[in-house]
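This report concerns only the one structure given below.
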Amino acid sequence: MSRTDHRGTSPARLKSPAAARNREPILAVLEEVLPARARVLELASGSGEHGLHFASAMPGWQWQPSDVDSHSLASIEAWRSTSGPDNLRAPIRLDATGDWPDETFDAIVAINLIHISPWEVTEALMARAGEHLAAGGTLYLYGPYRREGRHTAPSNAAFDEDLRRRDARWGVRDLEAVVEAAMPHGLTLETVVEMPANNLSVVLRRQ
């Protein structure tokens with residue numbers, strides 16, 4: 001699902017102000033929880049700027065971007081073909097609720113996906129992560145969450161209301177519900193890191 005509509009310097013390349021703001025804090029967490037060499041699948045890659053930044057910073061990561069939106073896929077490829085490193089793979093069309101590539105990954109990354117999709121996407125993500133993550137592999141989630149049934153900031157509550165107005169199936173999720181959905185698939189919560197703008201990095205590990 002695309003969350004980006006700002007055009008970059010070419011017709012295909014999209015630019016996301018949010019990606020520009022949060023890419024360094026996210027990278028800092030990923031560097032802590034992922035090994036220096038890893039096969040990484042990114043869901044809902046949007047403009048492709050996250051994958052470009054992370055793959056450029058960490059040449060040992062083989063980064064596989066994906067999305068369901070045609071404009072996003074074109075943007076990802078445009079960034080990759082003009083300035084992407086060799087370890088940034090060509091994007092693939094991937095719906096979390098559909099068929100996944102027949103591969104095993106050391107990490108799966110989903111940035112700003114859980115709240116901008118139906119709950120069925122979260123359930124499918126957990127099931128597929130349990131199937132496609134290597135033993136000890138990492139599922140990394142980023143975005144706003146409620147904790148113990150409460151929003152962590154008034155801005156998140158307002159954002160939640162806006163999301164639900166746009167689509168009743170969307171919304172800021174309870175962190176506890178997300179962790180519970182992961183447990184039947186061999187995924188356990190490892191750590192939660194508070195991030196800028198009242199977001200969280202949620203790290204789950206496949207046992």
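The values are calculated or read from the model by the stated rules, or taken from the named source; none is laboratory data. Predicted, not measured: the structure shown is a model, and the values here were computed from it. Cβ sites come from the backbone with ideal geometry, for glycine too, and all protein chains shown count toward neighbours. These area figures cover heavy atoms from the full protein model, side chains too; ligands, DNA and RNA do not enter into them. Shrake-Rupley method; radii C 1.70, N 1.55, O 1.52, S 1.80 Å.
Just one of the numbered conditions (1) more than 25 Å from Ala55 (Cα to Cα); (2) of a type in the set (D, E, K, R); (3) part of a loop (DSSP other than H, G, I, E, B); (4) without any contact (Cβ under 8 Å) to a residue 12 or more places away in the chain is not true of Glu161: (3). Residues in the range 175-207 that are open to solvent by 20 Å² or more (accessible area, probe 1.4 Å) and either among the β-branched types (Val, Ile, Thr) or over 20 Å from Thr138 (Cα atoms) (or both): Val179, Thr188, Thr191, Val192, Val193, Pro196, Ala197, Asn198. Listed conditions (1) in contact with a Gly (Cβ under 8 Å, 6 or more places away or on another chain); (2) without any contact (Cβ under 8 Å) to a residue 12 or more places away in the chain; (3) polar (S, T, N, Q) are all met by Ser81, apart from (1). Among the residues of the range 34-61, the ones that are of a type in the set (A, V, I, L, M, F, W, C), open to solvent by less than 20 Å² (accessible area, probe 1.4 Å) and outside any loop (DSSP other than H, G, I, E, B) come to 7 in all.
Pairing residues of the range 183-197 that are without any contact (Cβ under 8 Å) to a residue 24 or more places away in the chain with residues that are in a helix (DSSP H, G or I), at Cβ distances under 7 Å and at least 6 apart in sequence or on separate chains, gives Leu189/Val179.
Which residue out of Val109, Val68 is surrounded by fewer than 24 Cβ atoms within 10 Å (Cβ to Cβ) and within 27 Å of Arg173 (Cα to Cα)?
On the way: Val109 fails: surrounded by fewer than 24 Cβ atoms within 10 Å (Cβ to Cβ).
The conditions single out Val68.
Could you please give the count of residues in the range 57-74 that are charged (D, E, K, R) and closer than 14 Å to Pro101 by Cα?
Residues of the range 57-74 that are charged (D, E, K, R), as a first pass: 67, 69.
Retained after the next criterion (residues that are closer than 14 Å to Pro101 by Cα): 67.
Residues that pass the stated criteria total 1.
Can you find even one residue in the range 43-53 that is touching a Pro at 6+ places or on another chain (Cβ under 7 Å) and more than 21 Å from Val203 (Cβ to Cβ)?
Taking the range 43-53 and keeping what is touching a Pro at 6+ places or on another chain (Cβ under 7 Å), we get 45, 48, 51.
From what's left, more than 21 Å from Val203 (Cβ to Cβ): 48.
Yes, the range 43-53 contains at least one residue that is touching a Pro at 6+ places or on another chain (Cβ under 7 Å) and more than 21 Å from Val203 (Cβ to Cβ).
Would you mind finding the one in Ala135, Ala129, Ala157, Ala168 that is open to solvent by less than 60 Å² (accessible area, probe 1.4 Å) and out of contact with any helix residue (DSSP H, G or I) (no Cβ under 7 Å at 6 or more places or on another chain)? Reasoning before the result, please.
Values: Ala135 fails: open to solvent by less than 60 Å² (accessible area, probe 1.4 Å); Ala129 fails: out of contact with any helix residue (DSSP H, G or I) (no Cβ under 7 Å at 6 or more places or on another chain); Ala168 fails: open to solvent by less than 60 Å² (accessible area, probe 1.4 Å).
Of the residues listed, the single one that is open to solvent by less than 60 Å² (accessible area, probe 1.4 Å) and out of contact with any helix residue (DSSP H, G or I) (no Cβ under 7 Å at 6 or more places or on another chain) is Ala157.
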